[in-house]
Structures are given as C-alpha cells and as structure tokens.
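First up is the structure itself, then whatever we jot down about it.
Nothing in this text is a laboratory measurement; each read-out follows from the coordinates by a stated rule. The structure displayed is predicted, hence computed values, not measured ones. Virtual Cβ from ideal backbone geometry, glycine too; neighbours counted across all protein chains shown.
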Amino acid sequence: MNKPKLSFWQIWNLSFGFLGVQVGYSLQNSNTSSIFESLGADVSHLSYFWLAAPLAGMIVQPIVGLFSDGTWTRFGRRIPYILGGSLVSALALELMPNCPRLLAFAPLAMGVFILLFMDLSFNVTMQPFRALVADMLDDSQKTQGYVVQTFLINLGAVAGAVLPLVMTWLGVSDEAAPGGVSPHIAYSYYVGGAILLLTVLVTSFKTKEYPPEEFARYNDLSEEKAGSESFVGLVRSAPRVMVQLGITQFFSWAALFLMWTYLKPAITGVVTDHTTGEVLSDGATQTWVGVLNGIYPIPACIVALFLGRIAARCGNKPVYAGCLLAGALGFAGVYLLHDQYALMLPMAGIGIAWAGILAMPYAILSRAVEPRRMGIYMGIFNFTITLPQIVVGLAGGAVVEYCFDREAADMLALAGVFMLLAALSVFLVKEHKAG
C-alpha cells in the first residue's frame with residue numbers, strides 16, 4: 001500500500017526546522033575558529049577543538065535513531081527528539097559568546113564545553129529530520145523530499161553565515177576586546193538561536209506523523225516485526241550500498257572539514273580589498289569568511305531545485321559525481337585566488353558539491369533501507385560523516401605543522417584533492433532497492 005502523496009508545502013514543513021538548525025550550524029562553522037583564536041587557541045590546535053562536532057555526531061545520532069525508531073508519543077515518533085534538541089541548541093547558542101564571562105579564569109575551556117554541548121544538541125535535533133522525510137514520503141517523492149531539505153539547509157546556511165555582516169550594517173561593532181568575542185558575532189548567535197527555535201516549532205506543529213499501525217500498513221510491515229536485533233547485528237547487516245557510499249562520504253566530508261577549520265587562517269593576511277588592493281584587517285577578514293560561507297549555499301539552493309529532475313534523466317551517480325567535481329575545482333580556486341570578490345566564484349563550485357552531498361547519498365540510501373529501521377540506519381550512516389572529520393581533526397594539526405610549515409592555505413589544496421577522490425569514488429556505488 002503506497003503512502004499518500006504529500007503536497008509541496010507539506011514536504012516543505014517536514015524540513016522547515018532544519019533551516020533553523022542550519023542557521024546555528026552555519027554560525028558555528030563560520031565563527032568557531034575565530035572565537036577560539038580570540039580566547040587564546042593556537043592555529044595548529046584548531047582542528048582538535050573541531051573534534052567536538054564529529055564525536056558528538058558519532059555517539060548521538062545512532063542512539064537517537066535507534067530510540068526514535070521505537071518511539072511513539074502523542075507528538076509523534078521523530079518530533080519529540082527534534083523539539084527537545086532544539087531547546088538545548090538554542091540555549092547553547094545564547095551561551096557561546098559569553099564564555100569569558102561564564103568562566104573568566106579559563107574561557108577557552110568553557111568554550112570547548114559549550115561547543116560540545118551545542119554539538120550534542122544539534123545532532124539530537126538534526127538526525128530525526130533525515131528519517132522523517134523517509135518515514136513520511138513514498139519512494140516516488142523521496143528525492144523531492146531530500147532536495148527540498150537540501151534547499152532549506154542551504155537557505156539556513158546563507159542566513160547564518162551573513163548574520164554577522166548584517167549586524168555590522170546595523171552598526172554593531174566587529175572589534176573584539178582582548179580575550180573576548182566581538183559584539184557582531186555575539187548578537188548573531190542570539191538571533192540565530194531564536195530563528196532555530198521558531199522554525200523547529202513550525203515543523204513540530206505542522207507535521208502529523210503516521211501512527212504505528214498506519215506506518216506498518218504503508219510499508220507492508222507486520223505489527224510483530226519489531227526489531228530486537230543488536231546494534232552490532234544491525235551494523236553487520238547494513239546494506240552494502242552504505243559502505244560504498246561511505247568511501248565517497250569520507251573524502252567529501254574530510255574536504256569540507258578542512259575548509260571549515262582552516263578557511264579563516266588560510267586567507268588571513270592574504271585576502272585583499274577589491275578596491276584598494278590592501279590586505280584586509282583581521283576583523284574584516286573574519287566578516288568576509290562569513291560572507292564566503294554564505295556564498296556557497298546560494299548556488300547549492302539553486303542547484304537543489306534542479307537536482308531531482310536532472311537525476312531522474314541522467315541517474316543519481318553521474319549527478320553526484322559531477323557535483324563533487326565542481327567542488328574540487330572550487331577548492332583549487334580558493335587556494336589560488338586572493339581578491340575578496342574573486343574568491344566568491346570558486347565558493348560557487350563548493351556550493352554545487354554541497355548540494356550533491358546533502359541530497360544524493362540520502363536519496364540513494366533511503367531506497368535501500370528497510371523502513372522500520374530508517375532511524376537507526378540513518379544514524380549509523382552518520383559515521384561516514386563523523387569518521388573523516390575525526391581523522392582529519394586528529395591529524396590536521398600535525399599536517400599543517402610539519403608538512404605545510406603552518407601554511408593553512410595548503411590545507412585547502414589538500415581539500416581539493418580529497419574532493420576529487422570523492423568524485424571518482426562515486427562510480428564504486430551500486431544502487432539497489434530494499435526488498
């Protein structure tokens with residue numbers, strides 16, 4: 001029995017809360033390195049602080065997936081986790097800019113604690129959104145569902161990235177006191193937390209999940225077919241396509257992690273003002289990092305509108321590989337160019353890759369996973385996102401210190417190589433449908 005076809009706005013509401021989560025995540029990606037540097041962190045240690053995010057994801061997402069698979073409340077199956085995680089995420093965003101006040105004698109330690117706290121809650125909130133799309137949509141609408149989700153994620157990423165710039169337009173200072181966080185970053189975090197909470201409330205109150213009996217009927221499952229298999233057993237019986245996609249995921253997410261960690265130090269002292277040709281100040285560079293991080297989701301939004309139709313005509317794998325190849329070219333451009341506006345062009349290539357990374361592997365995987373286990377397998381699949389970040393986080397400091405003589409820009413060249421390998425590895429993936 002097929003699931004009911006959902007309208008565009010019903011599909012939109014399924015993922016609307018992800019827009020707010022991505023606002024917060026984008027603020028974190030754009031500003032964490034800068035905040036930690038202002039609190040006293042060394043550039044060679046930045047990758048270690050960034051380990052908080054993948055470690056949180058590796059632990060939390062499978063647990064949330066496993067429990068949400070077996071949850072049913074008056075609010076639904078996935079919604080309780082989405083709503084609870086958003087409350088904690090919003091609080092963490094409000095606290096992050098206040099590390100120096102919260103623990104004056106060790107602000108960096110407080111920053112690491114809040115970052116871990118933030119990442120745990122982000123992961124509790126994000127994981128159920130992936131499973132919710134698969135739960136609610138028929139196979140014929142799943143690619144559309146993940147494409148809409150990708151569009152909203154990127155819209156949120158743009159909003160989060162440009163918030164500091166908007167604050168400077170509103171007259172908020174971008175100069176930080178010694179050992180403190182600049183006001184324009186702090187106010188951006190406050191606004192971002194409010195947006196996150198409001199958008200999640202829309203999803204929570206506008207989405208009605210299928211109750212267990214209805215869900216079983218739509219997916220041709222018997223009521224007795226409850227999952228008693230152990231976590232290790234579930235990993236062993238994971239669809240082969242998950243492992244194949246994992247190779248691509250490893251290289252693509254390693255490249256993204258390098259960009260998020262090293263973009264700010266890579267262009268500091270190098271990026272020049274388009275009008276005068278002079279090197280931008282540290283405060284202006286940080287603002288421009290936010291702008292660049294707000295550029296790549298824009299082409300991702302545009303590309304996401306066409307991915308479904310192009311994939312239907314050309315196939316998922318060629319589209320996925322083409323997106324990643326655009327990202328490899330983008331990283332090469334970021335490494336070679338120095339003019340502040342010229343840097344926007346290669347960020348567009350990275351944005352195309354980002355669109356493919358957010359949509360295509362989930363569209364492929366969701367068809368190969370047994371519906372009752374969608375949450376746990378989406379959580380397990382998150383290992384393919386977190387593991388490369390952990391590997392790069394552990395090795396990144398040594399690489400930039402001993403291989404690249406502390407030249408952070410070389411880490412972006414390495415990211416380009418990783419993205420090229422990701423594009424080539426797509427052709428190892430063999431698509432199939434669960435049966």
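A few comments on the model shown:
- Its residue count N fixes a reference of 2.2 N^0.38 Å for the range 263-368, and the Cα radius of gyration divided by that reference is 1.24.
- Cα-based shape type of the range 105-237, given that a ≥ b ≥ c are square roots of the gyration tensor eigenvalues and the cut on a/c is 1.5: prolate
- From phi via Karplus (6.51, -1.76, 1.60), per-residue ³J(HN,Hα) for the range 393-405 in Hz, x at Gly/Pro: x, 6, 8, x, x, 5, 5, 5, 6, 9, 8, 10, 6
- For the range 318-428: rounded, prolate or oblate by the Cα gyration tensor [a/c cutoff 1.5]: oblate
- Once C-alpha pairs closer than 8 Å and six or more residues apart are averaged by separation and normalised to the residue number of the range 236-376, the relative contact order reads 28 percent.
- The chain, relative contact order [Cα under 8 Å, separation at least 6], %: 28
- Fluctuation leader among Leu234, Leu337, Leu83 - the chain, Gaussian network, Cα springs under 10 angstrom: Leu234
- Over the chain: helical MRE at 222 nm, DSSP H runs n ≥ 4 each giving -39500 (n - 2.57), nearest 500: -24500 deg cm²/dmol
- Net charge of neighbours whose Cβ lies under 14 Å from the Cβ of Lys208, counting Lys and Arg as +1 and Asp and Glu as -1: +2
- Average 1/r across all pairs of distinct alpha carbons in the range 365-435, invert it, and you get the Kirkwood radius: 14.8 Å.
- All other residues whose Cβ lies under 15 angstrom from that of Thr287 are scored, Lys and Arg at +1 and Asp and Glu at -1, for a net of -4.
- Candidate values [x] 62, 23, 19; [y] 31, 29, 21; [z] 35, 24, 20, label of the one derived for semi-axes √(5λ) of the Cα gyration tensor in Å: [z]
- Counting charges near Gln149 (Lys, Arg +1; Asp, Glu -1) among other residues having Cβ under 12 Å from its Cβ returns a value of +2.
- Against the empirical curve 2.2 N^0.38 Å, the C-alpha radius of gyration of the range 1-60 lands at a ratio of 1.74.
- Computed on the range 77-133, with alpha-carbon pairs under 8 angstrom and 6+ residues apart, the relative contact order is 53 percent.
- Semi-axes of the equivalent ellipsoid for the range 24-117, Cα gyration tensor, largest first, Å: 30, 15, 10
- Total lysine pairs in the chain at Cα distances under 25 Å, for residues eight or more apart or on different chains: 19.
- Within the listed set Ala255, Ala131, Ala194, the residue fluctuating most in the Gaussian network model of the chain (springs between alpha-carbon atoms under 10 angstrom) is Ala194.
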